[in-house]
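J.: Have a look at this one before I ask anything.
The values are calculated or read from the model by the stated rules, or taken from the named source; none is laboratory data. It should be emphasised that the depicted structure is a prediction, and the values quoted were computed from it without experimental measurement. These area figures cover heavy atoms from the full protein model, side chains too; ligands, DNA and RNA do not enter into them. Shrake-Rupley method; radii C 1.70, N 1.55, O 1.52, S 1.80 Å.
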Amino acid sequence: MICSREASRRERPLILLVEDEDDLRSDLVEELQAAHYRVIEAADGQEALAILDCERPDLILCDITMPCLGGYEVLADLRQKRPHLAEVPFIFLTALADRRDVIQGKRAGADDYLVKPIDFDVLLATIQARLDQVMRMRSQAESDKTALLELAARRASEVFGQMAETLNRLAAGVILLDSTERIVFVNAVARQILDEDDGLAMSPGGLRGSFLQESQAIKQLLKCIDEPGAGEGRARGLALRRPSGRRPLLLFACALTSERPRDPTQPTFAVFVTDPEQRPRWREDLARDLYGLTAAEARVALSLAEGKRLDEIAEDFGVAQTTITFHLRNLFAKTQTSRQADLIALFLISPIAFDQPER
């Protein structure tokens, strides 16, 4: 007997016939093959279990009284130790025609019970009915599975829609790509960067750099994080040169999951892009809430974060520079900083773009 390790596509149902009477087994094989079934023969229960280690029949016909290992033992092994064969119909073939024997066979988990001498027409009708029943169950299970997947996809779409507004508030550009590297989402900051076409832009096939080398580097980056065995947390980064001569864009990409999603249009890669020359802009009210600042202190802090000098801020406010210095001392105390550079850095590290930067 040769074990088949890989499931092959079966055009005709495969039946395992377990019968110790050689003549009867030969007759049954002939009838089954004439009805266009494929048949594997076993002369006793032990041989049947060895076959089940290697094959997955579509139906089992099994005698009850056999030497070494009987039909009840074969059925018990099947039901208790082989859950992957739970849907395979099991039909007893036996000379035990007493009502108690039939009840015992049913209680043991048999799907049907045929009494010898076997009526071949009844046998074939029983087999067909059981195979049809399995097909209906599989069809229903597949339908239920499809419905669950569709429900999950709708829920994912709803959640994704709810997340879109949050992603639009991030200070970094966020671009989500599907498994074919086509763009499925772009947040507000990324849209501004792409619209400028200065280092990074959209193409029909996804993302491209302003130079051929950068375009190839993006493709290679996505390929690296998508390689089998890369594992979760796969991430790569690169700098993209810009035709304008401004500092390169910084691009980071990672895989969203360790496995490809079933739907190829679902997000597979996340790309984050930042422009070192752009700074997130805070709203004054949020700066006040975070550090307990006055309106004037918040305006001074945000002006410093925008790169303005103290004299420039004083001129904008229409006050003396000493007044701005007074506000600065209060800012140091409330933000627990001691240097102007530390204060500015504090207002440059926000991951949230409360107001979109002007470009």
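J.: Going by accessible area, probe 1.4 Å, with all protein chains left in place, what is the ranking of 58, 27, largest first?
T.: Correct descending sequence by accessible area is 27, 58.
J.: What shape does region 41-144 have by the C-alpha gyration tensor, where a ≥ b ≥ c are the square roots of the eigenvalues, rounded means a/c under 1.5, and otherwise prolate means a/b greater than b/c and oblate the rest?
T.: The shape class here is oblate.
J.: Quick one: order 23, 316 from most to least accessible surface, probe 1.4 Å.
T.: From most exposed to least exposed: 23, 316.
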